[in-house]
Amino acid sequence: MAVFRSPREMEVEDLNIDEDPTMDVQTETPDQALEKTPKSETGSYRWVIVSFGLLCVLQATLYISLRLAFSNNHLETNYTILSRERDQLQTNHTNLTRETDDLYRRLYGKLKDSDELTSCPDGWLKFVWSCYYVSTEIKNWAASKQDCIGRGADLVIINNREEQVFLDNLNKRVWIGLTDTVTEGTFIWVDGTPLTTPKFWIPGQPDNKQYSGNLDEDCGEIFPTYFSAAPPQTWNDAPCKNINYWVCERRM
């Protein structure tokens with residue numbers, strides 16, 4: 001049997017259906033919302049995040065590289081400057097040595113035949129502005145030094161290549177006024193001046209070779225057996241208790 005409802009009753013029924021309290025109301029979570037986002041949009045978001053991360057890494061790498069490059073360039077610049085200064089000092093030293101040798105040769109050329117060096121005692125050799133006594137007997141270094149003092153002189157002090165050649169030409173193993181008895185390894189002349197330049201050591205000397213009885217090689221000698229012409233290298237360190245000939249020098 002058909003039931004006829006009025007329009008008003010149908011409207012009320014529709015309203016009741018819409019307001020049914022038993023109906024569930026669901027709220028979407030962000031993840032669910034993201035799942036409903038089109039895949040193309042999700043891929044774009046991820047690409048933006050990855051790109052930003054890569055940009056940060058590249059920026060940090062670039063910063064480190066620039067710092068390292070700046071540091072290396074700074075060190076290279078300092079090294080270059082120091083190398084140039086070292087080379088300039090070496091050049092200046094070489095030029096000064098040549099000028100000194102040239103001046104000495106010119107002075108020697110003027111004086112060697114003059115009457116300025118006629119006051120050396122009998123038995124003494126003259127060279128430029130010094131007189132030299134070459135012993136005919138042998139003593140240890142200390143006794144040789146004392147003999148020179150008794151003659152108004154001292155063991156020879158070698159100042160330049162020309163004087164070294166002059167003494168080498170004596171062809172005699174002799175004590176010279178060089179010692180490191182005060183401080184091991186630091187040679188000084190008998191007048192207290194330090195040994196700087198020139199130096200005419202035999203290659204490998206001084207070596208302070210140890211001998212029985214704990215004898216050090218603390219005194220300098222000329223050992224002409226090892227003569228070499230350019231430059232003359234005949235200096236040797238020997239135990240001061242050895243006996244040698246010696247050379248005294250007295251300045252004019």
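The values are calculated or read from the model by the stated rules, or taken from the named source; none is laboratory data. Just so it is clear, the structure is predicted and the values come from calculations on it, not from any experiment. When we count neighbours, we look across all protein chains shown, and the Cβ atoms used for this are built from the backbone with ideal geometry, even at glycine.
Tally the residues that are without any contact (Cβ under 8 Å) to a residue 60 or more places away in the chain and either farther than 23 Å from Met252 by Cβ or in contact with an Asp or Glu (Cβ under 8 Å, 6 or more places away or on another chain) (or both), restricting the search to segment 125-144.
Within segment 125-144, residues that are without any contact (Cβ under 8 Å) to a residue 60 or more places away in the chain and either farther than 23 Å from Met252 by Cβ or in contact with an Asp or Glu (Cβ under 8 Å, 6 or more places away or on another chain) (or both) number 3.
This table checks each residue for (1) modelled with pLDDT under 75; (2) closer than 30 Å to Val190 by Cα.
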position	(1), (2)
Leu82	no, no
Asp113	yes, yes
Cys120	no, yes
Val128	no, yes
Tyr133	no, yes
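Does Gly177 count as buried (at least 20 other Cβ atoms within 10 Å of the Cβ), among the small types (Gly, Ala, Ser) and under 25 Å from Cys120 (Cβ atoms)?
yes
Among the residues of segment 159-174, how many are without any contact (Cβ under 8 Å) to a residue 40 or more places away in the chain and in a loop (DSSP other than H, G, I, E, B)?
2
Residue-wise test of (1) in a loop (DSSP other than H, G, I, E, B); (2) outside the structural domain of Thr100 (by TED's automatic domain parsing); (3) at pLDDT below 95.
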residue	(1), (2), (3)
Ser144	no, yes, no
Ile157	yes, yes, no
Ile176	no, yes, no
Thr179	no, yes, no
Thr196	yes, yes, yes
Asp207	yes, yes, yes
Thr225	no, yes, yes
Pro231	yes, yes, yes
Trp246	no, yes, no
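Go through segment 126-163 and give me each residue that's within 25 Å of Asn242 (Cα to Cα), touching a Phe, Trp or Tyr at 6+ places or on another chain (Cβ under 8 Å) and of a type in the set (A, V, I, L, M).
Passing the criteria: Val134, Ile138, Ala153, Leu155, Val156, Ile157, Ile158.
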